[in-house]
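Scroll down for the structure; my scribbles are underneath it.
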Amino acid sequence: MSSTTRADAGGVVTDTYRALVCERLSEDLSGVAVRSLPCVAPGPGEVLVRLHAASVNFPDLLMTRGLYQFRPDPPFVLGLEAAGVIAVLGAGVTGMQVGDRVLVGQKTGCYAQQIVLPSSGVRPLPAGMDFAQGAAFRAAAITAYVSLVRKGTLAAGETLLVHGASGGVGMASVQLGRHLGARVIATGTSDEKLAVVREQGAHEVINLRRESLRDRVRELTAGRGADVIFDPIGGDVFDESTRCIAWDGRLLVVGFVSGRIPTIAANIPLIKGFSVIGVRAGEYGRRNPAKGAENMEAIDRLAREGVFRPYIGARFPLERSLDALRHVAERKVLGKIVIEMP
Ligand SMILES: NC(=O)c1ccc[n+]([C@@H]2O[C@H](COP(=O)([O-])OP(=O)(O)OC[C@H]3O[C@@H](n4cnc5c(N)ncnc54)[C@H](OP(=O)(O)O)[C@@H]3O)[C@@H](O)[C@H]2O)c1
């Protein structure tokens, strides 16, 4: 890290800035608090971005518990994605200017008034998006895109079943699946949330609290089952999904918010003729940089065309960002939660 400095380009950055810091791992968020941190100047190849909004992703909560695959040592600033304005350019940075409106994607550091990061970690804010929409768009959109287009090869006319459809990655998958010409069946556990999911593009919804997944999907597909299943839930939802998937179906393993990583006997996909496919949206781009760049261009274009329109279900000021994480823990998420910076 560079030495502490007063970096005031853009007239907004001061000696210290506020951020949500995970000071120790905890089950109940007791190790997380908003703190003042010293400003640092960007080093060569880095930029300082004055952040206006960040969005909450489920992995943020997992990181406070040490349960995510990426396990930084505390203390660290939470937050994977944000939007703001470039305030200071480090030496040697080209192709961008102070004042540019940008998206920031990082593994940590985004629930903050400012962030210093390599210039390669910022992208232009898509035209027509404000800071809140920009902060809420990218992680969910890239997960939906890699899942449905690259891994699931979803085709027009196929049936797409989206679990966790009221959450960030689920709702983006509903929007993309509809755009790709699929018939979209969305699942969730609240009628109120599912009404919004329907407005966002789902043709059919299933409330798993009172309906049988297997029976309803079979009924809606005349016994065939779903062609592509997007599963960020795992546990029982994964198990039931193997009972309502079509021949040649693709069951996409995206996450385990249920808390149980399911297992499957290898003879089941063999007999039923379906594939179980793991998705790691970020890693996909790191391992295939050319395709990763194509993916980013595709989601930016889809955002400009209005396909990806993040539904912002709640907003919290940075000083109350701990409440935003509690919202996730209490399963109150609808679409995306945005944190706004003073
Ligand atoms: N593989 C990848 O590349 C990739 C990329 C990004 C995210 N993910 C993963 O995808 C999952 C979803 O992330 P997200 O940011 O979309 O989460 P989110 O916005 O919090 O949404 C999760 C949804 O899951 C449902 N849910 C079911 N059981 C739940 C439980 N026990 N606790 C909380 N929610 C539960 C909730 O809907 P109802 O209340 O309606 O049931 C909620 O809307 C996470 O596991 C995340 O790590 C994976």
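Worth a mention:
- Cα-based Kirkwood hydrodynamic radius, the range 138-283, one decimal, Å: 14.6 Å
- DSSP finds beta bridges in the chain, and of those with both partners inside it, around 60 percent are antiparallel.
- In this structure, the amide hydrogen of residue 253, modeled 1.01 Å from its nitrogen in the peptide plane, lies closer than 5 angstrom to those of 277, 278, 279, counting only residues at least 5 positions away or on a different chain.
- Computed from backbone phi, the HN-Hα couplings of the range 162-179 come to 10, 8, x, 5, 7, x, x, 6, x, 5, 4, 5, 4, 4, 6, x, 4, 4 Hz, rounded to whole numbers (Karplus: 6.51 cos²θ - 1.76 cosθ + 1.60, θ = phi - 60°; Gly and Pro given as x).
- Helix 131-145 axis, angle to the chain major axis (alpha carbon atoms, nearest 10°): 40 degrees
- When the chymotrypsin sites (Phe, Trp or Tyr not before Pro) in the range 65-161 are filtered for DSSP coil states and for at most 11 other beta-carbon atoms within 10 Å of their beta-carbon, the remaining sites are 70.
- Note on the range 49-93: Rg/Rh from C-alpha atoms, Kirkwood Rh, equals 1.09.
- By accessible area, using a 1.4 Å probe on protein heavy atoms only, the chain has 50% of its surface on carbon and sulfur.
- For the chain, the relative contact order comes to 17 percent (Cα pairs under 8 Å, sequence separation of at least 6).
- Distant-in-sequence amide H partners of residue 246 (H built 1.01 Å from N, under 5 Å): 226, 227
- 10 Å Cβ shell holding at most 16 others, DSSP loop, trypsin sites (Lys or Arg not before Pro): longest site-free stretch of the chain: 108-208
- Probe 1.4 Å, protein heavy atoms only - accessible area per residue of the range 111-161 in square angstrom: 30 Å²
- In the range 180-275, GluC sites (Glu not before Pro) in a DSSP loop with at most 12 other beta-carbon atoms within 10 Å: none
- Using all pairs of distinct alpha-carbon atoms, the Kirkwood hydrodynamic radius of the chain works out to 20.6 angstrom.
- Between the alpha-carbon centres of the range 177-250 and the range 104-158 there is a gap of 24 Å.
- Percentage relative contact order, the range 104-258, counting C-alpha pairs under 8 Å, at least six apart: 19 percent
The values are calculated or read from the model by the stated rules, or taken from the named source; none is laboratory data. Here the structure is a predicted model, which means the values were calculated and not measured. FYI the Cβ positions are ideal-geometry reconstructions off the backbone, even for glycines, and counts take in every protein chain you see. Protein only, heavy atoms only, side chains kept; ligands, DNA and RNA dropped before computing areas. Shrake-Rupley method; radii C 1.70, N 1.55, O 1.52, S 1.80 Å.
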